[in-house]
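Asks: Mind looking over this structure? Questions follow.
The values are calculated or read from the model by the stated rules, or taken from the named source; none is laboratory data. For clarity, every value in this text was computed on a predicted model and none was experimentally measured. Cβ coordinates were reconstructed from backbone atoms using ideal geometry, including for glycine residues, and neighbour counts include every protein chain displayed. Accessible surface areas use protein heavy atoms only, side chains included; no ligands, DNA or RNA. Shrake-Rupley method; radii C 1.70, N 1.55, O 1.52, S 1.80 Å.
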Amino acid sequence: MRSTPPEQMKAIAGKLADAESIVALKDMFNRVGCGNTRAESVEGVSADSRSSYLFNSNIVGVEDADVILLIGSDPRSEAPVLNARLRRANVAGGTRVASVGPTRDLTYPVESLGDSARDLETLASGSHPFFETMKAAERPLIIVGASALRRADKDAVMKAIHALADATGVVADDWNGFNVLHDAGGVVAALDLGFVPSTSAAGVSDADVSFVYSLGAEAGIEKSPGAFVVYQGHHGDVGAASADVILPGAAYTEKAGTYVNTEGRAQRAMPAVAPLGSAQEDWKIIRALSETVGAALPYDTIGDVRRRMEEISPTFARVDDVQPSMWLNGATYAHIGAKESKIDASEAFGTSVTNFYMTDAISRASATMAKCTKAHAAGAP
């Protein structure tokens, strides 16, 4: 790190990273002059407006909606608890549900509006009959799946969805029905803490990166061929296999940590067992490393780290509560130009979960989940 220019460095926070380790990694990289930091699961998502990346209606709030539109989401595999709420809204409340994206049995009736981005464009333009259905609804609601945030044309897609939300009254004075359904525990905290590329990282391509610091990330490392890779984490598979140095971190069951769910609710995890072997709590590893590279972080206890988190975002000052966020009426993506606004109409919306039993490094290392995957492939329900 001492011998690498800051503009040739990159830090990636993985799907299971806790907020304490994310803020420590961000502060260390910023202190050495590098702003090329990003979350593994949602590269390029704007962190400027919190309402643009949260599940604003809250999980229980979906039952108050009278019309629901799913975009690029399969809630039965991505969020079974939410899917149960959606079923209850439909069966008990008569809520109408439609989808632009994958079609499968969600355990309740779903009207398919197509699966391509072209179908979304048609709906957003107002030329599809369901546009009027949403506009006439008292509490219309949109759920955007995580897969939509990983498309190459994600900016154009999100701009179209924001325009649709504003045109159909999805957000009102007493109702915010715009929702993003994240599928990873570390994503929202990373966005809340501003773990996104700074202006200094603009124009820096992965080909220019010669040093990658992976905080439990399994994806995004291969984009920087020939780079020196540090992997800090546990249960590592792809990320650890491609690393030059491995720093053993603790799993969520082995450390105290803060996570923010898809609603924007900060929650605390407590250790159930001690870390194995020489593994340490992740923020402590980064704190020790920061001193070694000459950029010592100004905190020595987890209380100090959490006070730093609260300085960045008030979300972390009120654990277990959801902080209301302001809707900016599509302004989040208003800067997207005509070229960037072009949607790839040929690419269909999918789901972010291809194997329900293996969605992260921990479940992929599980013998039990391997048996479930094998049984499912053989035709078991």
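Asks: Testing residue 218 on (1) at pLDDT 95 or above; (2) assigned to a loop (DSSP other than H, G, I, E, B), one condition comes back false. Which one is that?
Replies: (1)
Asks: Another question, if that's okay. Any residue in segment 278-305 that is on the phi > 0 side of the Ramachandran plot sitting within a Cβ distance under 8 Å of a residue that is crowded, with 19+ Cβ neighbours inside 10 Å? List the pairs, counting only those 6 or more apart or interchain.
Replies: none
Asks: Could I ask something else about it? Would you mind finding the one in 189, 165, 219 that is among the hydrophobic types (A, V, I, L, M, F, W, C), open to solvent by 20 Å² or more (accessible area, probe 1.4 Å) and in contact (Cβ under 8 Å) with a residue 60 or more places away in the chain?
Replies: Every option except 219 fails the conditions.
Asks: Can you pull out the residues in segment 192-215 that are more than 20 Å from the chain's Cα centre (by Cα), touching a residue at least 24 places away in the same chain (Cβ under 8 Å) and part of a loop (DSSP other than H, G, I, E, B)?
Replies: Once the filter is applied, which keeps residues that are more than 20 Å from the chain's Cα centre (by Cα), touching a residue at least 24 places away in the same chain (Cβ under 8 Å) and part of a loop (DSSP other than H, G, I, E, B), segment 192-215 yields 204, 209, 210.
Asks: So, one more: Only one residue in 142, 161 is within 22 Å of residue 353 (Cβ to Cβ), at pLDDT 90 or above and touching a Ser or Thr at 6+ places or on another chain (Cβ under 9 Å). Which one?
Replies: Exactly one of 142, 161 is within 22 Å of residue 353 (Cβ to Cβ), at pLDDT 90 or above and touching a Ser or Thr at 6+ places or on another chain (Cβ under 9 Å), namely 142.
Listed here are the residues, each with its yes/no results for (1) buried (at least 18 other Cβ atoms within 10 Å of the Cβ); (2) of a type outside the set (Gly, Ala, Ser).
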{"position": "289", "(1), (2)": "yes, yes"}
{"position": "293", "(1), (2)": "no, yes"}
{"position": "307", "(1), (2)": "no, yes"}
{"position": "317", "(1), (2)": "no, no"}
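Asks: Do any helices (runs of 4 or more DSSP H) lying entirely in segment 44-157 carry at least 2 residues that are open to solvent by 70 Å² or more (accessible area, probe 1.4 Å) and closer than 30 Å to residue 220 by Cα, and which ones are they?
Replies: Fully inside segment 44-157 and qualifying: 117-124.
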